1. Exactly one of (1) loosely packed, with under 15 Cβ neighbours inside 10 Å; (2) over 17 Å from residue 24 (Cα atoms) is unmet by residue 91. Its number?
2. Within region 95-127, which residues are touching a residue at least 40 places away in the same chain (Cβ under 8 Å), more than 14 Å from residue 56 (Cβ to Cβ) and surrounded by fewer than 21 Cβ atoms within 10 Å (Cβ to Cβ)?
3. Just name the residue that is surrounded by the fewest Cβ atoms within 10 Å (Cβ to Cβ) out of those in region 128-143 that are under 17 Å from residue 80 (Cβ atoms) and touching a strand residue (DSSP E or B) at 6+ places or on another chain (Cβ under 7 Å).
4. So which strands (runs of 3 or more DSSP E) are wholly in region 45-146 and hold at least 1 residues that are among the small types (Gly, Ala, Ser) and at negative phi?
5. Could you list, in sequence order, the residues of region 119-131 that are more than 16 Å from the chain's Cα centre (by Cα) and not polar (S, T, N, Q)?
6. From the list 74, 134, 87, 109, which residue is within 18 Å of residue 21 (Cα to Cα) and of a type outside the set (Phe, Trp, Tyr)?
7. Under 9 Å by Cβ, and 6 or more places apart or on different chains, what pairs join a residue from region 47-68 that is farther than 17 Å from residue 23 by Cα and of a type in the set (Lys, Arg) with one that is assigned to a helix (DSSP H, G or I) and modelled with pLDDT of 95 or more?
8. Among the residues in region 38-48, are any out of contact with any Pro (no Cβ under 9 Å at 6 or more places or on another chain) and at pLDDT 95 or above?
Amino acid sequence: MSDLLFSAEAPPTSAYLITWTTQGTWFFSHQVRSDQTMASRGAASTSLSVAQRELVEKAIEECCQQQGWSLVAANCRSNHVHAMVSATVDPHEILSKLQTATASRLGEADKTRQAWWEQGGNVRLLQDDIGIQAAMFYIRVILQRM
């Protein structure tokens, strides 16, 4: 990904902020009962190395190019991923394809792990300049400093 905060192109008029987590690290509220803990689910926690995080970001870029989607920003952390994508398809399809592409890339590098991501994730539609600019800043600047 470019180190530029904003590309020469104008920011999109709408985009999806898509977030998903590595297996066993945390769950979105719809995925687990309130009385269930990660340990009770038997999920082994997955923490991505710097090299794995770079593989994920590259796979996101390539998947977006192949699908004809505009990748606005992406950042892979040790236990979750943020991708901001502008596209005219169902955002849950974007989430699913990004999870599949990144898991495939990670699996090529590490054949010992069966699953990389928790099922599903969070999809948020951003439709105004302030929301889009704030998400771009968060993903491209704030997360890069962590």
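The values are calculated or read from the model by the stated rules, or taken from the named source; none is laboratory data. Just so we're clear, the structure is a prediction, and the values are computed from it rather than from any experiment. Note that each Cβ is placed from the backbone with ideal geometry, even for glycine, and that neighbours are counted across all protein chains shown.
1. All conditions pass for residue 91, except number (1).
2. Residues satisfying the conditions are 115, 119, 120, 122, 123, 124, 125, 127.
3. In this case the residue turns out to be 143.
4. Here the list reads 70-76, 80-86.
5. 128, 129, 130, 131, listed by residue number.
6. Every option except 74 fails the conditions.
7. 58/105
8. yes
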